[in-house]
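Nothing in this text is a laboratory measurement; each read-out follows from the coordinates by a stated rule. Please read these numbers as outputs of a predicted model, since none were measured by experiment. Here the Cβ positions follow ideal geometry from the backbone for every residue, glycine too, while neighbour counts run over all protein chains shown.
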Amino acid sequence: MSVSEKIKQLKQNIPNNVTLVAVSKTKPNELILEAYQSGHKIFGENKVQELTAKHEALPKDIEWHLIGHLQSNKVKYIAPFVALIHSVDSFKLLQEINKQARKNNRVINCLLQIYIAKEETKFGLSENETLEILNSPDFLILNNINIIGIMGMASNTDNVDIVRNEFKSLKVFFEKLKSQFPINNNLNLSQISMGMSGDYKIAIEEGSTIIRVGSSLFGDR
Ligand SMILES: *Cc1c(COP(=O)(O)O)cnc(C)c1O
C-alpha cells in the first residue's frame with residue numbers, strides 16, 4: 001500500500017475529532033510530497049535541522065509540528081513557521097519560544113510535555129513542575145505563546161496495561177488542569193497529544209485528540 005493509501009485508511013479508522021500528525025522524520029521529501037498531494041497537510045519532525053530543511057524544500061502550506069526535544073538555542077530557526085511545538089519541557093524553553101515568536105509577530109501554539117513513562121530516558125515535566133509553571137506570575141506575561149494542551153509518551157513496552165494506565169493518568173491530569181486553569185490569553189487547554197504507531201488505538205480510547213504516527217505509515221526507520 002502507498003503512503004497516501006495508508007494515511008487515508010488510518011484517517012477512516014480514527015474519530016473525526018482526532019488529528020493525525022504524520023511523523024516523517026528521516027523520510028525523504030518525495031514521500032512527504034506524495035502524502036501531501038493526496039491531501040494530508042500535517043507532518044511532525046523531531047529534529048530542528050531536519051524540520052527547517054524540509055520546511056524550506058516543501059510546500060508552504062504544510063503544517064509542521066515539532067515533536068522532539070527542543071533546545072532553547074534552536075527555537076529561533078523554527079519560530080517563523082512552526083505550527084505546534086509538542087515538546088515544551090521547561091519554563092526557560094517556554095520563555096525563549098515566547099521571545100522568538102514575538103520577534104516574528106506570531107503566537108506559537110505549544111503543548112507541555114508531561115512525563116508519564118517509567119523509563120528514565122524520557123523528557124518531560126512532572127505534574128508538580130507543570131503546576132508551578134502555570135501558577136507562576138511570569139507565565140501570565142507570555143503573550144506570544146498559547147498553551148493548547150499537553151503531550152505524553154507511554155513506556156515502550158508490549159504490556160498494554162502499563163501503556164493504558166499511563167495514558168489514563170495523563171487524561172486525569174489533563175482534566176485536573178482544565179478545571180484548575182480557566183481559558184485565558186495564553187492558555188486554552190483542549191488537546192492531548194498521545195499515541196504513536198504501536199499504541200494510538202489505546203491512546204484514542206483513553207481520550208487522545210492528537211496522534212503522532214510514523215513507522216506504520218512511512219515504514220520502519
Ligand atoms: C518518532 C516519534 C513518533 C512516531 O513514532 P512511530 O512509532 O514511528 O509511530 C511519535 N512521537 C515522537 C515524540 C517521536 O519521536
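Counted by Cβ distance under 15 Å from TYR77, the other residues give a net charge of +3, where Lys and Arg count +1 and Asp and Glu count -1.
Which percent of Cα pairs goes in each bin when the distances of region 40-111 are cut into 5 angstrom slices starting at zero? Per 5 Å bin, starting at zero, the Cα-Cα P(r) for region 40-111 comes out as 3, 18, 32, 27, 15, 4, 1 percent.
Once backbone amide H atoms are built at 1.01 Å from N, VAL88 has LEU111, GLN113 as its partners under 5 Å, excluding neighbours fewer than 5 places away on the same chain. Applied to region 188-203, the Karplus parametrisation 6.51 cos²θ - 1.76 cosθ + 1.60 on θ = phi - 60° returns per-residue 3J(HN,Hα) values of 8, 6, 9, 10, 10, 8, 8, x, 10, 3, x, 9, 5, 5, 4, 4 Hz, with x for Gly and Pro.
Report note on the peptides 11-24, 145-158: ranked by the mean count of other C-beta atoms within 10 Å, highest first, their order is 145-158, 11-24.
Note on the chain: antiparallel DSSP beta bridges, both residues inside, total approximately 5 percent of the bridges counted.
Residues whose amide H comes within less than 5 Å of that of GLY214, counting only those at least five positions distant or on another chain, are VAL23, SER197 (H built at 1.01 Å from N in the peptide plane). Excluding same-chain residues fewer than 8 positions from LYS201, which lysines have a Cα within less than 25 Å of its Cα? Within the straight-line limit of under 25 Å, LYS201 reaches these lysines: LYS6, LYS8, LYS11, LYS25, LYS27, LYS41, LYS118, LYS122, LYS168, LYS171, LYS176, LYS178.
Between amide H atoms placed 1.01 Å from N, distances below 5 Å from ILE145 occur with ILE108, all of them 5 or more places distant or on a separate chain.
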